[in-house]
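Right, one structure below, let's go through it.
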Amino acid sequence: MTTLNQPLTQAIPSLILEEVSFRHRGQPLLAPVTLRLDGCHRTLVMGPNGAGKSLLMRLAHGLLAPSQGRLHWEGETPRQAMVFQRPVLLRRSALANLTHALAVKGTPRRLRKALAREALERFGLAALEARPARVLSGGEQQRLALARAWLLEPRVLFLDEPTSALDPAAIQAVEAAVDEFHRHGTRIVMSSHDLHQARRLADDVLFLCGGRLLEHTPAERFFTAPTSTEGRAFIRGDLVVSPPPP
Amino acid sequence: MPTSDSAFITALNLVLGLDPALLAIVTLSLQVSLLAVLIATLIGLPLGAALALWRFPGRGLLIVVLNALMGLPPVVAGLAVYLLLSRAGPLGQFGLLFTPGAMVIAQVLLILPIIAALTRQQVEELHGEYAEQLTSLGLTRLRRIPTLLWDARLGLITVVLAGFGRASAEVGAVMIVGGNIDGVTRVMTTAIVLETSKGNLALALGLGLVLLVLVTLINGAAHLLGEMARRRLG
């Protein structure tokens, strides 16, 4: 990641959402969201299941187009990557999964293998390079997905509940990887419904419930004095059930 | 069962004796069918993948037509190619009628719909799983074709085999456009038809056995290839 060694000198473009909403087959799933994500923070998108966390991340990453409203990056659209809840890996070896991503990115063929091996090493997968990606354990698969994201040198990394299906050791590895990205100047936008994880990682929190964005506050404030009733209940550890979308 | 006994012995004698006439027929059969499969695969795989990835008006109709063409009767395919290649036909000037080339063309026409339609199905299913990730990685639709074809390779072996099975088994198309000319366009299936009509049942059955063994061998090889890949991929 040569380019990411001097990233802090160059600001990450801000993501701006203006009245962005999303409907599917006439059904509103996300009420209009106005939002601005600046700087190189670690933003945790929180809320119960069905709150619209994944939807908001997919809109932000550009996998879905908003039904209404405007979503744009201030300045140039930055390089982005996304890590999904259940990693989608190609039916190839771990190494081939990474060289494929490099090929798509336009890396010259002669450099691909070395870069891919370096990334495998970084995420503790060096011994598994020849293993078919599909037979790796859940934690290894997620690390491979992170290694692939690493090679894309993203300025912004989206992670959609990347640890929800993993055991503590694997969760620790993913969180360490997230830190690694952040240290190298990548902005993190990660969804989670795990409060402890959020406390460990978050600089600021987006709290969603029932397809509405209820709070966007610095982590400290969210964990001590959330402003919404749902947010307070969520912090208390009450079972917050997402009401049907707006 | 004197007939089948003698048929078996006849077949054995032909094969073990490496009868040159038989060898010529077997070689031509394999050449025609394998070349047809190769051409149909080179066209059919990308075509099927493209059909899985692109949305355009008339796509549904095209898929229905392609699926229907999977059942195209070989004699109809043969007749169409006959009309195209006959002296008065639009491609008559090339003088391809009653040559192995014409037989390859007819078989390509027969199996291209099979390979394209089945590839479309497999690639579409795989893409359902991959779409978000590939979009996130920034793959254009064109760039997705090689990625998806390679990742669907295990299923596609079976697709190509289905095409080969159809090509090696059909008789109607090669009979019409090839003419079953001894030493020029005679293949196993047309030879079987001829020997049967001459009442030479033993020889016909012998040829049939040889055909069966060949098809089984090729399918076995493909199966092994698939199993090896499957084991490697877990």
If you average the alpha carbon positions of region A:52-99 and of region B:175-234, how far apart do those two centres end up, in angstrom?
51
What net charge do the residues around A:Thr227 carry, taking every other residue with its C-beta under 12 Å from that of A:Thr227, with Lys and Arg at +1 and Asp and Glu at -1?
0
Distance in nm between label sites at B:Arg143 and B:Leu12, each 7 Å beyond Cα in the beta-carbon direction?
6.1
Grab the beta carbon distance between B:Thr158 and A:Ser137, set R0 = 30 Å, and tell me the FRET efficiency rounded to 0.05.
0.55
For helix A:109-122, what angle does its Cα long axis make with the longest principal axis of chain A, in degrees from 0 to 90 and rounded to 10?
60
If you restrict to DSSP beta bridges whose two residues both lie in the protein assembly as shown, what percentage is antiparallel, to the nearest 5?
50
Where GluC sites (Glu not before Pro) fall in DSSP loop in region A:38-135, at most 14 other Cβ within 10 Å
A:Glu74, A:Glu76
Remind me, relative contact order of chain B in percent, using alpha carbon pairs under 8 angstrom and six or more residues apart?
32
From other protein chains only, count the Cβ atoms within 10 Å of every residue's Cβ in B:128-140, then give the mean.
6
With no solvent term and unit scatterers on the alpha-carbon positions of region B:79-164, Debye gives log₁₀ I(q)/I(0) at q = 0.14, 0.18 Å⁻¹ of -0.64, -0.78
Direction-averaged shadow area of the convex hull around the Cα atoms of region B:23-200, nm²?
11.9
Need one number: % antiparallel among DSSP beta bridges in chain A, to the nearest 5.
50
Calc'd 3J(HN,Hα), region A:80-86, phi into Karplus 6.51 cos²θ - 1.76 cosθ + 1.60 (θ = phi - 60°), Hz, glycine/Pro = x, comes to 9, 9, 9, 10, 9, 4, 10
Given R₀ = 35 Å, FRET efficiency for A:Arg79-A:Val241 by Cβ-Cβ distance, to 0.05?
0.40
Treat each spin label as a single point 7 Å out from the Cα along the C-beta direction, and report the B:Arg55 to B:Val193 distance in nm.
4.6
Pairwise FRET efficiency - B:Phe94 versus A:Ser67, Cβ, R0 = 41 Å, nearest 0.05
0.15
Kindly rank A:63-71, B:121-129, A:41-49, A:135-143 from highest to lowest mean number of other beta carbons found within 10 Å of each residue.
A:41-49, A:135-143, B:121-129, A:63-71
Could you give each residue of region B:71-81 its phi-based ³J(HN,Hα) in whole Hz, using Karplus coefficients 6.51, -1.76, 1.60 with θ = phi - 60°, and x for Gly or Pro?
x, 4, x, x, 5, 5, 4, x, 4, 4, 5
Can you compute the modelled spin-label distance between A:Asp179 and B:Val64, with each label point 7 Å from Cα toward Cβ, in nm?
6.1
Taking the number of other C-beta atoms within 10 Å as the exposure measure, put A:Phe123, A:Phe207 in order starting with the fewest.
A:Phe123, A:Phe207
On average, how many beta carbons from a partner chain sit within 10 Å of the beta carbon of a residue in A:44-50?
0
Can you divide the C-alpha Rg of region A:47-147 by 2.2 N^0.38 Å and report the result to two decimal places?
1.28
Taking the Cβ of B:Val193 as the centre, find all other residues whose Cβ is under 12 Å away and add up their charges (Lys, Arg: +1; Asp, Glu: -1).
0
What is the Cα convex hull volume of the protein assembly as shown when expressed per residue in Å³?
210
Exposure-ranked with fewest Cβ neighbours within 10 Å first, B:Trp150, A:Trp150, B:Trp54, A:Trp73 stand as B:Trp54, B:Trp150, A:Trp73, A:Trp150
The answer for the net charge of residues other than A:Leu166 whose Cβ lies under 14 angstrom from its Cβ, with Lys and Arg +1 and Asp and Glu -1, is -4
Ordering of B:35-42, B:218-225 by packing [mean C-beta count within 10 Å, highest first]:
B:35-42, B:218-225
At 1.306 mPa s and 10 °C, plugging the Kirkwood radius over alpha-carbon pairs of chain A into Stokes-Einstein gives what diffusion coefficient in µm²/s?
85
Once you average over the residues of A:78-91, how many Cβ atoms of partner chains fall within 10 Å of each Cβ?
3
Could you line up A:Cys40, A:Cys209 from fewest to most neighbouring Cβ atoms inside 10 Å?
A:Cys40, A:Cys209
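Any read-out appearing in this document is the output of simple, stated calculations on the displayed coordinates, not a laboratory observation. Computed from a predicted model, the values in this text were never measured in an experiment. Here Cβ is always computed from backbone atoms with ideal geometry, including for glycine, and neighbour counts include all displayed protein chains.
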